[in-house]
Amino acid sequence: MQAAWLLGALVVPQLLGFSHGARGAEREWEGGWGGAQEEEREREALMLKHLQEALGLPAGRRDKNPEGIPEGKGAGATEKDGQGEEGEEEAVTTPYSSPSPSPTPEDTVTYILGRLAGLDAGLHQVHVRLHALDTRVAELTRGLRQLREVASDTRDAVQALQEAQSRAEREHGRLEGCLKGVRLGHKCFLLSRDFEAQAAAQARCVARGGSLAQPADRQQMETLTRYLRAALAPYNWPVWLGVHDRRAEGLYLFENGQRVSFFAWHRAPSPEPGAGPSAAPHPLSPNQPNGGALENCVAQASDDGSWWDHECERRLYYVCEFPF
């Protein structure tokens, strides 16, 4: 039994050494041919990479065996000394990877032609959609032009209606002024009981086909005085007239630009008999006009028909005159 163990201890190491030697020779032979194949694959991959970079194509598949491991070789087995000897041999593991076929120039050209065909089809679809878009834009432009023409016609029609309405309002105001107011010759006067500033009152009279009252002589003044007294009695209300000196102080004009030649300014009451010449005027009824540059518009008192100058922004009743 001891002789058998001794024989095994002498023979087995020799056999293991012979096996390793044979395997090393096989690896050297495979390494020589494998290295040549690896260099050929590297050259093909480098040429393919340069071609793809020149054409601007995405990188192709790389060789999955960069480490130069010979193909067809399986995973290495881990060898250990089963007899419990002093040195254990370290396990050697060789990963197995399946070889990837390298693309040929024909494959590259076919790929490029396929990509170009796809780009051409995409460009054709873009051209078709652009044509449809151009047609739609032309239709929208034509419709927009028609809408603008319709809007222009509508605007003209609205303007014509507004002008007609304005003429109708002026005619209605003129008829109303002559029917409800007082007529004198070729003029009609109508009192408005709305409080307005002098300029706003003039605008409202113009919108109704007239203007603020412009009594040009004593007869018109007396007629207007009787009308206002009867309309506002027993009260005394100032009523705007179409008289002002806004252009120049002391130069009184009618609203139509004519210069006023007839005036009916209020005068302070005469002093009582026996009063001295130094008696002060009545503080509530001074002589008019007395406002200077601060009071540039004229109003008529409804009780006696006298003229008073007032600030133009004061809101008062007003009387319009209309042509007959």
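We did not get these values from a lab; they are worked out from the coordinates using the rules stated. Keep in mind that this is a model prediction, so the values were computed, not measured. Here the Cβ is made from the backbone with ideal geometry for all residues, glycine too, and neighbour counts use every protein chain on show.
Using the Cβ of Ala197 as centre and a radius below 10 Å, the other residues enclosed give a net charge of -1, where K and R count +1 and D and E count -1.
The phi-based Karplus calculation (6.51 cos²θ - 1.76 cosθ + 1.60; θ = phi - 60°) puts the 3J(HN,Hα) values of the range 193-198 at 9, 9, 7, 9, 5, 4 Hz, whole numbers, x for Gly and Pro.
Note: relative contact order over the range 213-259, using C-alpha pairs below 8 Å and six or more positions apart, is 33 percent.
Counting Lys and Arg as +1 and Asp and Glu as -1 over every other residue whose Cβ lies under 11 Å from the Cβ of Leu212, the net charge comes to -2.
Using Cβ point charges alone (K and R +1, D and E -1), the dipole size of the range 227-267 about the Cα centre works out to roughly 80 debye.
Computed from the Cβ-Cβ distance with R0 of 45 Å, the FRET efficiency linking Lys49 to Leu140 stands at 0.30. Between the beta carbons of Glu313 and Arg167, assuming R0 = 22 Å, the FRET efficiency works out to 0.10 to the nearest 0.05. Between the residues His124, Thr154, Ile112, the greatest Cα displacement towards the positive end of the dipole of the range 104-161, with unit charges on the Cβ of Lys, Arg, Asp and Glu, is found for Thr154. Taking GluC sites (Glu not before Pro) across the range 208-268, the ones in a DSSP loop with at most 13 further Cβ atoms lying within 10 angstrom of their Cβ are Glu249. 3J(HN,Hα) couplings calculated from phi for the range 291-300 with the Karplus curve 6.51 cos²θ - 1.76 cosθ + 1.60 (θ = phi - 60°) are, in sequence order, x, x, 6, 7, 10, 10, 10, 10, 10, 10 Hz; Gly and Pro show x. Electrostatic bookkeeping for Glu295 treats Lys and Arg as +1 and Asp and Glu as -1; over the other residues with beta carbon under 13 Å from its beta carbon, the sum is -3.
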